[in-house]
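The values are calculated or read from the model by the stated rules, or taken from the named source; none is laboratory data. In this text, all values refer to a predicted model and were calculated from it rather than measured experimentally. We place every Cβ from the backbone using ideal geometry, glycine too, and count neighbours over all the protein chains shown.
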Amino acid sequence: MKKIKKTIKAIFLIIKNPWLLNKVLNTPSVWNEYVKTNYNFDNGLPVISFYELFDNPEETIFPYSFADGGSLPTDLFLLKSLARKFYNCKYFEIGTWRGESAVNVASVAKECYSLNLSENEMEKLSLKKEYIEQIGMYSKNIKNITHIKGNSLNFDFSSLNKKFDLIFIDGEHHYDYVLNDTKKVFANLLHQNSIVVWHDYAFTPEEVRNQVLAGILDGTPKEFHKFLYHVEGTKSAIFIREKIKAKKLKSMPAPEYTYEVKLKIK
C-alpha cells in the first residue's frame, strides 16, 4: 500500500513539475536497468588492453594540460596510437574542447576535422566566457586541423563528402546526443576499416557511464555490437572491426599493467 501511495505521489509531482521527469530519466539506476534489460550488459562492454590493439604501445602526449574536463593521458595515447594504424590518417572528432585530442592526433595524421558549437550558440546556452575562450586554444593554428562550427544534432555530416579512418565522439554526453552522433557517424563517415572511439563512455576506467553506453548501443547497428569494447585504463569505448580477446570489467582490479610517465612543464 505504501509503495502505491509513493508511486501516485511521484506521478502527481511529475505532472505538476514536468522538469522532474528529466531528473528521473537521468539517474544512473534508470540507465543501468535500461542497458541490462535491453542488452544484457550488467557491467559494461568487454574490456581489452592496449597490447591487444598494438604490438609495442608507446607514445609521447603533447600538449596536455591536466585541466578539468579533459581526457586522460591514456585516452589521448589511444587516439594517437590508433591514428598510426592508417597511412595518411584522416581524423574527425565531435567536440573540440581545448583541442588537445586534435593536436595529438594531428602530429601523426594527414588531416583532422573538429566539429564544435559556434561561439554564438555557446553564448545562447549561457556558457561562461572563460569556457568559450578555451575552445580550441591548442588547435587553432595547426595547419592540418580544420575547425567546423555547428551543432551535431542538425549538422549535415554527408556534406563533408568524405570517409574517415578514425572518428572520436566527444560532444555532449547525454543519451540523445550520443545516439544522434553515433547514428550519423555510422551512416555517413565510415569505410570498411574505420575505427570509432567514444570518450566518457566511463566516469573512470572502472565505472561505466550507462547513459552513454545506452546511446552507443542504440546508435550502433546491431550487427556491429560484437566489435564494441572498453579499452582498459581509459574512459573510452571503441568500435574496431576485429574479434579481440576480451574480459569482463571488474570492480577495483589489481593493476595488470604499469605505465611509465615522464612530465615536463612548458
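The selection criterion, being of a type in the set (Ser, Thr, Tyr) and within 26 Å of GLU52 (Cβ to Cβ), holds for THR234.
Here the condition is being of a type in the set (Lys, Arg), at pLDDT 95 or above and over 22 Å from ARG98 (Cα atoms); of LYS149, LYS183, it holds for LYS183 alone.
Selection of the range 226-262 for residues being surrounded by 12 or more Cβ atoms within 10 Å (Cβ to Cβ) and on the phi > 0 side of the Ramachandran plot yields only GLY233.
Matching residues to (1) loosely packed, with under 14 Cβ neighbours inside 10 Å; (2) touching a residue at least 12 places away in the same chain (Cβ under 8 Å); (3) touching a strand residue (DSSP E or B) at 6+ places or on another chain (Cβ under 8 Å); (4) not assigned by TED's automatic domain parsing to the domain that holds GLY219:
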| residue | (1), (2), (3), (4) |
| --- | --- |
| MET122 | no, yes, no, no |
| MET137 | no, yes, no, no |
| ILE145 | no, yes, yes, no |
| SER159 | yes, no, no, no |
| PHE164 | no, yes, yes, no |
| PHE168 | no, yes, yes, no |
| LEU179 | no, yes, no, no |
| THR182 | no, yes, yes, no |
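Looking only at residues in the range 80-113 that are part of a strand (DSSP E or B) and surrounded by fewer than 24 Cβ atoms within 10 Å (Cβ to Cβ), which one is nearest to the chain's Cα centre (by Cα)? The selected residue is TYR113. Here ASN38 meets the list (1) surrounded by 13 or more Cβ atoms within 10 Å (Cβ to Cβ); (2) in contact with an Asp or Glu (Cβ under 9 Å, 6 or more places away or on another chain); (3) of a type outside the set (A, V, I, L, M, F, W, C); (4) assigned to a helix (DSSP H, G or I) almost entirely, failing just condition (1). Applying the condition of being among the β-branched types (Val, Ile, Thr) and not in a helix (DSSP H, G or I) to the range 198-225 and asking which residue is surrounded by the fewest Cβ atoms within 10 Å (Cβ to Cβ) yields THR204. Considering the conditions (1) among the charged types (D, E, K, R); (2) in contact with a Phe, Trp or Tyr (Cβ under 8 Å, 6 or more places away or on another chain); (3) over 24 Å from ARG209 (Cα atoms), ASP170 is excluded by exactly one of them, (3).
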